[in-house]
Amino acid sequence: MPHELFGTPVIAAPMAGGTSTPAFVEAVHRAGGLGFLAAGYKSVAAMQAEVRTIRESGARFGMNVFVPDPAQLRPSAAVLAELEDYRLQLRADARRYGVELPQLRLDDDDEWQGKIDVLLADPLELVSFAFGLPGLDVVRALQRAGSAVLATVTTAAEAVHAAEQGVDALVVQHTSAGAHSAAFLPAPGAQPGGPQPVGTTAELLAEVRSAVDLPLVAAGGIMDAAGLDAVLRAGAAAAQLGTAFLRTDESGARQLHKDALADPHFTRTRLTRAFTGRQARALENEFVRDHPEAPVVYPAVHHLTAPLRAAAAAAGDAERLNLWAGSGWRQAQAGPVADVVHGLLAGR
Ligand SMILES: Cc1cc2nc3c(=O)[nH]c(=O)nc-3n(C[C@H](O)[C@H](O)[C@H](O)COP(=O)(O)O)c2cc1C
């Protein structure tokens, strides 16, 4: 029996940056899964426009919001100096495309309060958060408005913090996951902001399960029915998949990104801060190799590299684009979203 919060064991991850369009989320719903829209990097107005579109389709959906980190929005003088150094490093990349690097932008909280206000005024069924915890007051207010609230965690310690805020469920994200790590506590023995390397996704899930009593959604490296089975057997209420959907027809990912995922030239994924200042798993390309060290300042680095990424995309240069990919990327298949969802649900 699928968990009542989700109604299906297959959740398509919210994928900010253009992948999770309303058409994609609708296709996931029609195929028997549950999709999330991604509010990240969007204005409040753009988020509302996507909600209107998906509502017209009649599809069930959730909304995912990035939690700003106040410390990274007010970096120390030492971190600011690192940022300036990184800016200098990026000048060669800028010259390559003839683009200007922008002034540092340090105050971008992704319109946090505006998004929360809208979610309270016009509530949705499911709201998930990543990169931090929304705070007890926000969790309670959203729940009073009628939403179920999910927080994303990467360790058992983070899960305990999230449970203390009274959330309804957790997304448990393993380090094999594509794109940004949602980590918000420094993991023991790891760099601040980097995910702790714990066994498999199912093992991390079991560890979190012994620390908190909440419905858990497993995320990271789940690419097929066997992967789904493994996390469900470990006690997951559902699985959240990103990379498995990236190449689908309805995915809004750039064609360059879709093609790179199928290109044998790329041989591994790596965690990198080079593009945004926050650890993220991407196909290893020249940009990742050229910039092994980037300061821990998100989203300031994201804004700094934005013109470079735009220029790389326009030039069709996959070597300098953020090619987000989880460790199971080789199994990502092209074709309709429905084929991926049906493949996952086969035999259930
Ligand atoms: C292109 C891309 C964009 C993502 N954007 C978001 C996002 O906006 N919010 C979020 O909570 N997770 C985001 N994720 C992470 C997913 O929620 C999930 O943790 C991850 O995709 C699971 O690992 P997998 O990619 O191996 O399936 C993104 C993942 C990808 C691949």
Restricting attention to segment 267-274, does a residue exist that is at pLDDT 95 or above, within 27 Å of residue 68 (Cβ to Cβ), within 11 Å of the ligand (Cβ to nearest atom) and basic (Lys, Arg)? no
Do we find a residue being more than 21 Å from residue 307 (Cβ to Cβ) and touching a residue at least 60 places away in the same chain (Cβ under 8 Å) anywhere in segment 39-46? yes
In segment 220-278, the residues that are under 15 Å from the mean Cα position of the chain (by Cα) and in a helix (DSSP H, G or I): 243, 244, 245, 246
Just one of (1) in the same structural domain as residue 178 (by TED's automatic domain parsing); (2) crowded, with 17+ Cβ neighbours inside 10 Å trips up residue 347, so point out which. (2)
Can you tell me which residues in segment 231-245 are farther than 19 Å from residue 151 by Cβ and within 13 Å of the ligand (Cβ to nearest atom)? 243, 244, 245
For residues that are part of a loop (DSSP other than H, G, I, E, B) and among the aliphatic types (A, V, I, L, M), scanning just segment 181-219, find the one that is modelled with the lowest pLDDT. 190
Note on segment 117-137: residues more than 16 Å from the ligand (Cβ to nearest atom) and surrounded by 14 or more Cβ atoms within 10 Å (Cβ to Cβ) are 118, 120, 123
Members of segment 281-293 found to be crowded, with 24+ Cβ neighbours inside 10 Å and more than 17 Å from residue 317 (Cβ to Cβ), listed by number: 281
Within segment 315-333, does at least one residue satisfy the condition of being closer than 26 Å to residue 106 by Cα and in a helix (DSSP H, G or I)? yes
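The values are calculated or read from the model by the stated rules, or taken from the named source; none is laboratory data. Not measured: the values here are computed from a predicted model. Every residue, glycine among them, receives a Cβ derived from its backbone with ideal geometry; neighbour counts consider all protein chains shown.
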